[in-house]
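Accompanying notes for the structure given below.
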Amino acid sequence: MSSSADKYQRPRALLLANIGQLLTLRSPSGKQGPRRGGDLNELEVIEDAAILCVAGKIVFVSKMREALRDPWVASNRKKIDEVDCRGRVVLPGFVDSHTHPVFMQPRLVDFEKRISGASYEQIAEAGGGIRSSLKAVRRATRRQLADGMFDALRRMAEQGTTTVEAKSGYGLNAESELKSLQAIAEAAKRWPGTVVPTLLGAHVIPQEFEDQGDEYVDLVCREMIPAAAKKKLARFADVFTERGAFSLEQTEKIFVAARQHGLGVRAHVGQLSRTPLSILLRFKVASLDHLDHVTEDDIRQLAQSDCVATLVPGANYFLGLADFAPARKLIDAGVAVALATDYNPGSSPTVSMPFVLSMACTRMRMSPAEAVSAATINAAWGLRLQDRKGSVEPGKDADLALFDVRDYREIAYWFGENRCLETVMNGLRQTEASG
Ligand SMILES: [Zn+2]
């Protein structure tokens, strides 16, 4: 415990007191790297705990009685904003490491078509799917897109999410992709949480490039990536590597261009069909997402890499699929698994990380503890933000979620309702946030 809080410029301090269970997610063994295997079950819980945050950072984490004995806390108690957690559960804010929040409307026609039996690919071929979101995004102003995204960020924070990866990908020309990234930046500025922007120019091939996929890939590589990098509007480039979208060769080209311009890389892979992962792993890809279709060989290679496998069960749920990604096999083989919502209007319209945890437990047989690790520290690794996010430790950003439960396992148990009482983002309480 340290009493160095008074060295901060902004003396604004927040004390979370009387925490029943504090899930710190500190590394159980001091091991480096994302959590794998049995370590995913180690949440490093402190009972009857307190957290002091000053100027947006966590300053100390301790037992409640130690916090009360701290001389700085004792002499500044009146100035400290205090949240009495009354024996409830506090954990690091969720890191939602895969979302598509820049769109205008829900896709209700697709929803009904699918209920009456059409597949994801049939809907796309009939002009629905990703392409149907294009028109509205191309027509929208940056401000309209930012407003929609800000609303999503607010709803995410209400359910305990404090860091969000946000992809463009419904503009699909240079102008609208950049407009989408600017909308992400604008919404991020109004929200106290943390947003990581990703260029997903390679989401699907737009109609005007029908049968000219390679020309479209050139546009992504020569215009979108350089412009997004130059204006610092994206930290990653993402590709939907899938039949009907982009081939492995096209993905490689995009990864090469992204790396040349200083962007990290990530990909959607194995959602509808298998793509061998070895080539993608050579690019130090931060995360490969979906992974419903993987072979034993793919799993072995993933386990030997620092690439995070981000599973998005919301898409399987919403598309009405019987099968989910093989989380058990991945974890047991030593792959670093993360969880995210995949928030998007076509296949996963949910902002709820608690619901994702519930699906991870019931449909993918992850333990509640594994699901928490996957949605916090490992998701932070998937965004390469592990030094700032994903655990409750001194020096890290003050990103916290307080749930109205006595036992952390209840977060995944009470599905379909929101038990999150309070979210702290970079030291600011959601209730104080304006926008
Ligand atoms: Zn996605």
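Just so you know, all these numbers are worked out from the coordinates, no wet-lab data involved. Remember, it's a predicted structure, so these values are computed and weren't measured experimentally. Here the Cβ positions follow ideal geometry from the backbone for every residue, glycine too, while neighbour counts run over all protein chains shown.
For the chain, take the longest principal axis of its alpha carbons; what is the angle in degrees between that and the long axis of helix 142-158, to the nearest 10 within 0 to 90? With both axes taken from Cα atoms, the answer is about 50 degrees. Charged side chains reduced to their Cβ positions (Lys and Arg at +1, Asp and Glu at -1) give the chain a dipole of some 1320 debye around its Cα centre.
For the stretch 125-164, the square roots of the Cα gyration tensor eigenvalues, ordered a ≥ b ≥ c, give a/c of at least 1.5 with a/b no greater than b/c, which places it in the oblate category.
Between the stretch 112-147 and the stretch 280-297, the C-alpha centres lie 26 angstrom from each other. About its Cα centre, the stretch 61-198 has a charge dipole of approximately 400 debye under the convention of +1 per Lys or Arg Cβ and -1 per Asp or Glu Cβ, with nothing else charged. Charged side chains reduced to their Cβ positions (Lys and Arg at +1, Asp and Glu at -1) give the stretch 1-142 a dipole of some 620 debye around its Cα centre. The slack in the chain from Ser273 to Val109, taken as 0.36 nm per residue of separation less the alpha-carbon distance, amounts to 56.5 nm. Counted by Cβ distance under 11 Å from Asp214, the other residues give a net charge of -3, where Lys and Arg count +1 and Asp and Glu count -1. Against the chain, whose longest principal axis is taken from its Cα atoms, helix 130-139 shows a tilt of about 80°. Taking the centroid of alpha carbons for each part, the stretch 52-87 and the stretch 160-201 are 35 Å apart.
Full extension of the chain segment joining Asp407 with Ala322 gains 27.6 nm, where the gain is 0.36 nm per residue of separation less the Cα-Cα distance.
Normalising the average separation of contacting C-alpha pairs (under 8 angstrom, six or more residues apart) by the number of residues puts the relative contact order of the chain at 21 percent. Simple rule: put +1 on each Lys or Arg Cβ and -1 on each Asp or Glu Cβ in the stretch 94-382, find the dipole, and look at Leu319, Ala379, Ala309; the Cα lying farthest toward the positive end is Ala379. Cβ-to-Cβ counts within 10 Å put Glu210, Glu186 in ascending order as Glu210, Glu186, the fewest first.
Between Lys329 and Glu82, the FRET efficiency from the beta-carbon distance, with R0 = 45 Å, is close to 0.50.
Result for the chain in a Gaussian network model with C-alpha springs under 10 Å: among Leu108, Leu339, Leu302, the largest mean-square fluctuation is at Leu108. One chain, two ends: Arg143 and Glu121. Fully extended at 0.36 nm per residue, the span grows by 4.8 nm beyond their Cα-Cα distance.
Look at the dipole of the stretch 196-330 built from charges on Cβ: of Pro206, Gln271, Met224, the Cα furthest out on the positive end belongs to Met224.
Name the shape class, rounded, prolate or oblate, that the alpha-carbon gyration tensor gives for the stretch 94-382, where a ≥ b ≥ c are the square roots of its eigenvalues, rounded holds for a/c under 1.5, and otherwise prolate holds if a/b is larger than b/c and oblate otherwise. Rounded, since a/c falls under 1.5. For the chain, the 222 nm mean residue ellipticity estimated from helices alone, with every DSSP H stretch of n ≥ 4 adding -39500 (n - 2.57) and the total spread over all residues, rounds to -9500 deg cm²/dmol. Relative to the longest principal axis of the C-alpha atoms of the chain, give the angle of the C-alpha long axis of helix 353-364, reported between 0 and 90° and rounded to the nearest 10°. Approximately 70 degrees, to the nearest 10. By the count of neighbouring beta-carbon atoms within 10 Å, fewest first, Thr163, Thr376 end up ordered Thr163, Thr376.
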